[in-house]
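Colleague: This structure is in structure tokens; I'll ask about it shortly.
No value in this document is a laboratory result; all are computed from the given coordinates. Here the structure is a predicted model, which means the values were calculated and not measured. No Cβ is skipped: glycine too gets one built from the backbone with ideal geometry, and neighbour counts run over all protein chains shown.
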Amino acid sequence: MARTSNIFARVEPEVKEQAEEVLNQLGIPMSNAVSMFLKQVILHRGIPFEVKLPESVPLSYDALTKEQFDIEIEKGIEDIKNGRTYSIESVAEEMKRDYGI
């Protein structure tokens, strides 16, 4: 058997649990997944996936001033009045596709 080294990493408990769920379904132990990632880093000579900010970010109430919030509410009211609405199913699909939620 090959020699191994230990890696200790701190991650949020929810992230670890969610990753373990997926990896368990795939039949891949966490240590094998980490090893696969590191081997890909070596092969790609960098992170093996694109690391960038999303093109658009959902508005956050905390990030808006009262005036900005009021403007956004007015936009929403105008959209409803003009029939520019979406079904909850299409919104859920788009949120999952664009933001992973």
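Colleague: Please give the contour-minus-distance gain from Lys16 to Thr65: 0.36 nm per residue of separation, less the Cα-Cα distance, rounded to one decimal in nm.
Modeller: Between Lys16 and Thr65, full extension yields 14.1 nm more.
Colleague: What's the angle, to the nearest 10 degrees (0 to 90), between helix 66-81's Cα axis and the longest principal axis of the chain?
Modeller: For 66-81 against the chain, the angle is about 70 degrees.
Colleague: Hull surface divided by four, with the convex hull built on the Cα atoms of the chain: how many nm²?
Modeller: 10.8
Colleague: Right, here's the next one. Where Rh denotes the Kirkwood radius from the mean inverse Cα pair distance, what is Rg over Rh for region 1-48?
Modeller: Rg/Rh: 1.00.
Colleague: While we're looking at this one, here's another question. Among all the lysines, which ones have a C-alpha under 26 Å from Lys16's C-alpha, if same-chain residues fewer than 8 places away are not counted?
Modeller: Cross-link targets: Lys39, Lys52, Lys96.
Colleague: For the pair Ser5/Ile47, report the inter-label distance in nm, with labels modelled 7 Å from Cα in the Cβ direction.
Modeller: 2.2
Colleague: Would you look at the GNM of the chain, springs on alpha carbons closer than 10 Å, and say which of Val34, Val15, Val57 moves the most?
Modeller: Val15
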